[in-house]
Each structure stands twice: as structure tokens, then as C-alpha cells.
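Mind having a look at this structure? Questions to follow.
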Amino acid sequence: WGTVMQTGCLFGAISLLGVILFSGTARSWLKVSISKHFFRYNYDYREELMRFTRTLSERGPNLGERAIQALAALVESPAGTLWQIDAGGRFTVKAGWQAPDTHVSEPDNSPFCRVLESTQWVIDVDEYVERPEKYEGLALPDWLLDSPRRWLVVPLMLQEKLFGFVVLQRARSPLKLNWEVFDLLEIAGSQAASYL
């Protein structure tokens with residue numbers, strides 16, 4: 001049985017190596033798994049979430065602006081806009097923080113909103129422009145693609161529904177986006193939605 005076990009283990013190892021070498025998805029999954037479990041985190045999550053919560057729970061009006069500011073602080077973004085659904089079933093800008101006024105709306109049943117709700121992904125617009133195949137089924141609206149400093153779209157999920165989204169402008173200094181940044185923004189987006 002020793003020879004059979006050795007042959008089986010060798011065949012399994014060669015098969016696994018072949019899958020990893022020739023499958024981009026498997027390589028990507030392995031890279032993220034190793035990064036998640038064997039390297040130190042870039043963020044002190046306790047500190048980041050406490051700072052985020054403090055910003056949201058400050059006294060006074062303009063909760064929308066504070067929500068944008070709290071999300072932007074996580075990735076060093078200088079500005080952003082908060083989009084929420086109105087009575088007519090369209091997402092419109094409800095608040096802006098250091099961003100120009102935008103008078104555009106997005107239907108809640110658009111492919112963009114449907115993908116945001118179903119996947120709950122934070123969307124890197126620059127990555128979408130360079131590699132749209134990574135965001136299968138996503139079609140970004142023209143108003144977003146034409147905006148010169150657009151960078152990230154953070155969905156605000158509330159009870160598995162898209163409550164709104166925040167469009168953040170490009171960071172002041174280059175920031176490497178990885179699974180950790182996206183996870184932090186997803187959690188913060190859900191918390192912001194519950195406050196709003």
C-alpha cells in the first residue's frame with residue numbers, strides 16, 4: 001500500500017500544481033489566501049472602526065457629509081458624493097463632501113445598481129476601465145466614467161438591499177488596493193448605511 005499511497009499523493013500534488021499554474025482564478029485565490037493568513041494586516045481594525053464610528057456619531061446636521069468623510073478617511077480620498085434612492089426609484093446625490101455638484105440620477109433597476117446590490121463589491125473604476133472582464137456583468141454608467149477624478153464606488157447595503165452608494169475621488173497619494181481595503185470599505189459601508 002505504501003507504493004500506491006506515494007503514487008496517489010504524487011499524482012494529486014502534480015494535478016494541484018497544474019491547476020495553480022494554468023488557472024488565473026486559482027492563482028488569484030491562492031495569493032489572497034496566503035496574504036490573509038500569513039501576513040500582518042495593514043490596518044488596526046479596532047482603531048479604524050472606532051474613528052469611523054466617532055466621525056458618524058458627531059452631533060449636528062450633515063450626516064451624509066460625515067458618512068462620506070468617514071469612508072474617504074479610510075483610503076485618503078479628498079472628496080466624494082453620497083447617492084441615495086428617492087421616492088421615484090432613482091439614485092440621486094443627497095450629499096457631497098468637497099465635491100462639485102452633480103445633477104445626474106441613476107435608475108435603481110440599471111445594470112450598475114443591480115450588480116452593486118447582488119455582489120456588494122467595492123468597485124475600482126480605474127481597474128474596471130483597464131480590465132472590464134474582472135467585473136463580469138457590470139456596466140458602469142457614462143456619468144461615472146466621464147467624471148475625471150472618480151475612483152471607488154462603495155455600496156451602502158442595508159438588510160441585503162442597496163440603500164445607496166458613495167463615489168470617492170482618487171486618493172491624494174497612490175494606495176495599493178487589495179482584499180483588506182475592500183473588506184474594510186464593505187464593512188464601513190454597511191455601518192454608514194445603518195446610521196443613514
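The values are calculated or read from the model by the stated rules, or taken from the named source; none is laboratory data. Worth saying up front: this structure is predicted, and the values here are computed from it rather than measured. Cβ atoms come from the backbone with ideal geometry, glycine included; neighbour counts cover every protein chain shown. Just so you know, the surface numbers come from the protein's heavy atoms only, side chains and all, with ligands and any DNA or RNA stripped out. Shrake-Rupley method; radii C 1.70, N 1.55, O 1.52, S 1.80 Å.
With no solvent and one equal point scatterer placed on each C-alpha of segment 71-110, evaluate the Debye formula and give log10 I(q)/I(0) for q = 0.18, 0.22, 0.23, 0.24 Å⁻¹, two decimals.
-0.55, -0.72, -0.75, -0.79
So what are segment 44-85's ellipsoid semi-axes, whole angstrom, largest first, if each one is the square root of 5 times an eigenvalue of the alpha-carbon gyration tensor?
Square roots of five times the eigenvalues give 18, 14, 8 Å.
Mind listing the Cα extents of segment 118-185 along all three principal axes, in Å, largest one first?
Reported extents, whole Å, longest axis first: 33, 25, 20.
Whenever you get a sec, line up THR7, THR25, THR53 from highest to lowest accessible area (probe 1.4 Å, protein heavy atoms).
Final ranking, largest accessible area leading: THR25, THR7, THR53.
What is the list of residues in segment 1-33 whose amide nitrogen lies under 14 Å from a point 7 angstrom out from the Cα of TRP179, following Cα to Cβ?
So the set is 25-33.
Dipole size in debye (nearest 20) for the chain around its Cα centre, Lys and Arg Cβ +1, Asp and Glu Cβ -1?
480
So between ARG131 and ARG114, what do we pick up on full extension, going 0.36 nm a residue minus the alpha carbon distance?
4.1 nm
Okay, next question. Residue farthest toward the positive end of the dipole of segment 41-93, with Cβ of Lys/Arg at +1 and Asp/Glu at -1: which of ALA67, ALA87, LEU56?
Of ALA67, ALA87, LEU56, it is ALA87.
Per 10 Å bin, what percent of the C-alpha pairs of the chain does each bin hold, from zero upward?
The calculated distribution, bin by bin, is 8, 31, 32, 15, 8, 5, 2, 0.
Something else now. Test of understanding: express the Cα radius of gyration of segment 124-163 as a ratio to 2.2 N^0.38 Å, with N the residue count.
Taking N as the residue count of segment 124-163, the ratio is 1.29.
Tell me, what is the FRET efficiency for GLN159 and LEU49 to the nearest 0.05, using R0 = 35 angstrom and their Cβ-Cβ distance as r?
The computed FRET efficiency comes out at 0.95.
Between segment 134-162 and segment 51-123, what is the separation of their alpha carbon centroids in Å?
That distance is 11 Å.
Under the √(5λ) rule applied to the eigenvalues of the Cα gyration tensor, what semi-axes describe the equivalent ellipsoid of segment 86-159? Give them in Å, descending.
19, 17, 11
Give me the percent of the accessible area of segment 71-163 that comes from carbon and sulfur atoms, probe 1.4 Å, all protein chains in place.
Roughly 48 percent, rounded to a whole number.
Taking a probe of 1.4 angstrom, what is the accessible area of ILE85 in Å², to the nearest 10?
About 70 Å², ignoring ligands and nucleic acids.
Report ³J(HN,Hα) in whole Hz for each residue of segment 82-92, in order, from the Karplus equation J = 6.51 cos²θ - 1.76 cosθ + 1.60 where θ = phi - 60°; Gly and Pro get x.
9, 10, 10, 6, 9, 5, x, x, 10, 7, 10
Hey, another quick one. Scan the chain and hand back the longest stretch that contains none of the GluC sites (Glu not before Pro) lying in DSSP loops with at most 13 other Cβ atoms within 10 Å.
My reading of the result: 77-135 is the longest stretch.
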